[in-house]
Amino acid sequence: MPRVYNFSAGPAILPEPVLAQAAADMMDYQGCGMSVMEMSHRSPAFQGIIDTAEADLRDLMGIPENYDVLFLQGGDSLQFAAVPMNLALAKHGVADYIVTGQWSKKAQQEAARFIDARIVATGAEDNFSHLPDCSDLPLSEDADYVYLCQNETVHGLRFAQLPDTKGKVLVSDQSSMFLSEPVDVSQFGLIHAGVQKNVGPAGVQIVIVRHDLVPEGDIDGVPVMMNYKTHVDKKSLYNTPPCWNIYMCGLVFKHLKELGGLEAVQKMNQEKAQLLYDAIDESALFKGVAAKEDRSMMNVCFVTGDADLDAKFAKEATAAGLTNLKGHRSVGGLRASIYNAMPRKGVEALIAFMKDFEVQNR
Ligand SMILES: Cc1ncc(COP(=O)(O)O)c(C=O)c1O
């Protein structure tokens, strides 16, 4: 079967040159006589893989020296607990959350199990169809950090501008926008991202944390594996890491560098998103879900206004080799995730299919 255009929100499409390289390395990684999957994480070969991956990521993102880069496990959802445990539990025990959709809501709810996690802005009353006004947030005097999800995967919302945190540490979940555009890391205390959208196979979370925020020792009630210090001290090799997944991330980092870095990647992503949003705006059948000024470049949510027709669209699109266009189960509708690895041709094929579907279903 030919490869399909996979619009899944994650696990998601990966660059074909990376998949081809992984296939070529599978039986014998660089003369080791084994695949990376079979390799000891204590071997010089794997040390080379993880060191190179970190160096390439630092280079791509321009990560300052005073930030640690961690390759962790447990699902990005585990960071919803790890962040308050590490950044607040042994301090004031207070954090302010900007709730803009499912993922920041989950993060706030999880944090509330451990600390006083206050909601300072929310888009809930409008079904998360746009971002709340964050120009003058009622931040808590004693907040240890302010938290946001910079790109809400389910609702297709993106912060084009960061909120003013009035000097408070900013924590960002960048899972579904990681490496899709340049970011100024120094504006954040901590960035976390599950890699299964833009970077690699599920099983790794990347945490980029300013060194002074890493706990100095044990914290009462916090498991060793949840303490960032453990992983900073051991350079992400405290226990057995997901070696192959980290290797895959490393291949993607190299690939993005070859494409010209994050400015070049952003340009491609802007063009793809513009094409698709223009097609939606020009259509008499399809309607965008997110407010125009808050639209995600990665997750494009749209509807026909008729749930049966949405289902028909997703089904017929799948048959035409355009897969995973069904919206998230919690909101319905349609969603095209157009991550870095989605070629422009894939977006063009989707637009052509939408136009045809509109004619057939008028
Ligand atoms: C923005 C965002 N944050 C967190 C998560 C949770 O990631 P995981 O499934 O790895 O726990 C997701 C998953 O889709 C997501 O989109």
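Readers should treat all values here as calculations from the given coordinates under stated rules, not as data from a laboratory. All values derive from a computational prediction rather than experimental measurement. Here the Cβ positions follow ideal geometry from the backbone for every residue, glycine too, while neighbour counts run over all protein chains shown.
I'd like the GluC sites (Glu not before Pro) in region 92-170 restricted to DSSP loop residues with at most 15 other Cβ atoms within 10 Å, sorted by number.
On the way: sites: E110, E125, E141, E152; in loops: E141.
Taking region 92-170 and a limit of 15 other Cβ atoms within 10 Å, the loop GluC sites (Glu not before Pro) found are E141.
Relative contact order, whole percent, for the chain stands at 23, derived from Cα pairs under 8 Å and 6 or more residues apart. For region 154-273, just say rounded, prolate or oblate: build the C-alpha gyration tensor, square-root its eigenvalues into a ≥ b ≥ c, call rounded for a/c under 1.5, and beyond that prolate if a/b exceeds b/c, oblate if not. Oblate is the answer for region 154-273, as a/c is 1.5 or above yet b/c matches or exceeds a/b.
Of all beta bridges DSSP finds with both residues in region 17-258, what is the antiparallel percent, to the nearest 5?
Counting DSSP beta bridges with both partners in region 17-258, the antiparallel share is about 45 percent.
Annotation: Cα Rg of region 300-362 relative to the compact-globule expectation 2.2 N^0.38 Å equals 1.06.
At most 12 other Cβ atoms within 10 Å and a DSSP loop assignment: could you name the trypsin sites (Lys or Arg not before Pro) in region 75-174 that fit? Provide the component values of the computation, followed by the final result.
Working: sites: K91, K105, K106, R113, R118, R158, K166, K168; in loops: K91, R113, K166, K168.
In loop regions of region 75-174 (DSSP not H, G, I, E or B), the sparsely surrounded trypsin sites (Lys or Arg not before Pro) are R113, K166.
Relative to the compact-globule scaling 2.2 N^0.38 Å, provide the ratio for the alpha-carbon radius of gyration of region 102-152.
On the way: Rg = 11.2 Å, N = 51, 2.2 N^0.38 = 9.8 Å.
Normalised by 2.2 N^0.38 Å, the Cα Rg of region 102-152 equals 1.14.
Relative contact order (percent) for region 1-90, with alpha-carbon contacts under 8 angstrom and 6 or more residues of separation? List each step's numbers first, then the result.
On the way: 22 pairs, mean separation 7.8, N = 90.
Worked out over region 1-90, it gives 9 percent.
Here K315 is the anchor, and the lysines within straight C-alpha reach of less than 16 Å, apart from those fewer than 8 places off in the same chain, are K326, K355.
Given contacts defined as C-alpha pairs under 8 Å and at least six residues apart, what's the relative contact order of region 250-362, whole-number percent?
Numbers: 113 pairs, mean separation 28.6, N = 113.
Here the relative contact order equals 25 percent.
Once the mean of 1/r is taken over each pair of separate Cα atoms and inverted, region 195-354 shows a Kirkwood hydrodynamic radius of 18.6 Å.
When the alpha-carbon atoms of region 38-88 are used, the pair Rg, Dmax equals 13.8, 39 angstrom.
In this rough spin-label picture, where each label sits 7 Å from Cα along the Cβ direction, the A124-R344 distance is 4.3 nm. Around the Cα centre of the chain, unit charges on the Cβ atoms of Lys, Arg, Asp and Glu (plus for the first two, minus for the last two) sum to a dipole of about 840 debye.
Under 14 Å from the Cβ of D294, count the other residues' Cβ atoms, weight Lys and Arg +1, Asp and Glu -1, and hand me the total. Write out the running numbers ahead of the final one.
On the way: positive: R158, K292, R295; negative: D126, D133, E152, E293.
Charge balance near D294 sits at -1.
Within region 17-258, the percentage of alpha carbon pairs spaced more than 33 angstrom apart rounds to 19%.
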